[in-house]
1. Please verify whether region 61-83 includes one or more residues that are at pLDDT below 95, hydroxyl-bearing (S, T, Y) and in contact with a helix residue (DSSP H, G or I) (Cβ under 7 Å, 6 or more places away or on another chain).
2. For region 1-31, what are the residues that are β-branched (V, I, T) and more than 28 Å from A41 (Cα to Cα)?
3. Can you give me the number of residues within region 3-51 that are exposed (fewer than 10 other Cβ atoms within 10 Å of the Cβ) and either touching a strand residue (DSSP E or B) at 6+ places or on another chain (Cβ under 6 Å) or not in a helix (DSSP H, G or I) (or both)?
4. How many residues are of a type in the set (A, V, I, L, M, F, W, C) and touching a strand residue (DSSP E or B) at 6+ places or on another chain (Cβ under 8 Å) when one looks only at region 57-105?
5. Inside region 1-48, can you point out the residues that are polar (S, T, N, Q) and in contact with a helix residue (DSSP H, G or I) (Cβ under 8 Å, 6 or more places away or on another chain)?
Amino acid sequence: MPEARTPAQIEADIVRRREQLAETLDEIGVRMHPQTIIGDAKARVASAVDQTAGRAFVAVNRLVTDVKDGLRHEDGAPRIERILPVALLAVGVVGLLVASSRRKR
């Protein structure tokens with residue numbers, strides 16, 4: 001059979017629960033404050049941008065390495081038969097860009 005609580009015990013329990021409730025409400029107030037919400041959103045966006053930029057850097061770095069490796073022989077000598085078409089393509093693209101920009105003016 002549960003023991004009967006004294007009025008002092010009941011009052012102490014009420015005071016403790018009020019303090020816990022006040023702490024909980026303060027915590028909710030901090031979490032729901034607009035500056036806290038904005039700060040959390042900024043942190044999530046910054047993290048997502050960092051991850052995306054990191055992945056993009058790795059992908060581009062891998063692509064550049066693969067292209068460089070494709071333009072050299074195993075001993076490191078340049079492969080003229082592959083470099084020449086790439087160079088001609090680059091010159092052609094630059095020429096098209098220059099011609100396009102002159103037409104717009």
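1. No; the residues of region 61-83 include none that is at pLDDT below 95, hydroxyl-bearing (S, T, Y) and in contact with a helix residue (DSSP H, G or I) (Cβ under 7 Å, 6 or more places away or on another chain).
2. Of everything in region 1-31, those that are β-branched (V, I, T) and more than 28 Å from A41 (Cα to Cα) turn out to be T6, I10, I14, V15.
3. Qualifying residue count for the region: 3.
4. Number of matching residues: 1.
5. T36 - this is the single residue of region 1-48 that is polar (S, T, N, Q) and in contact with a helix residue (DSSP H, G or I) (Cβ under 8 Å, 6 or more places away or on another chain).
Here is a yes/no grid of residues against (1) polar (S, T, N, Q); (2) open to solvent by 70 Å² or more (accessible area, probe 1.4 Å):
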{"residue": "A56", "(1), (2)": "no, no"}
{"residue": "V60", "(1), (2)": "no, yes"}
{"residue": "T65", "(1), (2)": "yes, no"}
{"residue": "D69", "(1), (2)": "no, yes"}
{"residue": "G76", "(1), (2)": "no, no"}
{"residue": "A90", "(1), (2)": "no, no"}
{"residue": "V94", "(1), (2)": "no, yes"}
{"residue": "V98", "(1), (2)": "no, no"}
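The values are calculated or read from the model by the stated rules, or taken from the named source; none is laboratory data. Note that the coordinates shown come from a computational prediction; the quantities given were computed from them, not determined experimentally. Neighbour counts run over all protein chains shown; Cβ positions are idealised from the backbone, glycine included. Heads up: the accessible areas ignore ligands, DNA and RNA and are worked out on the full protein's heavy atoms, side chains in. Shrake-Rupley method; radii C 1.70, N 1.55, O 1.52, S 1.80 Å.
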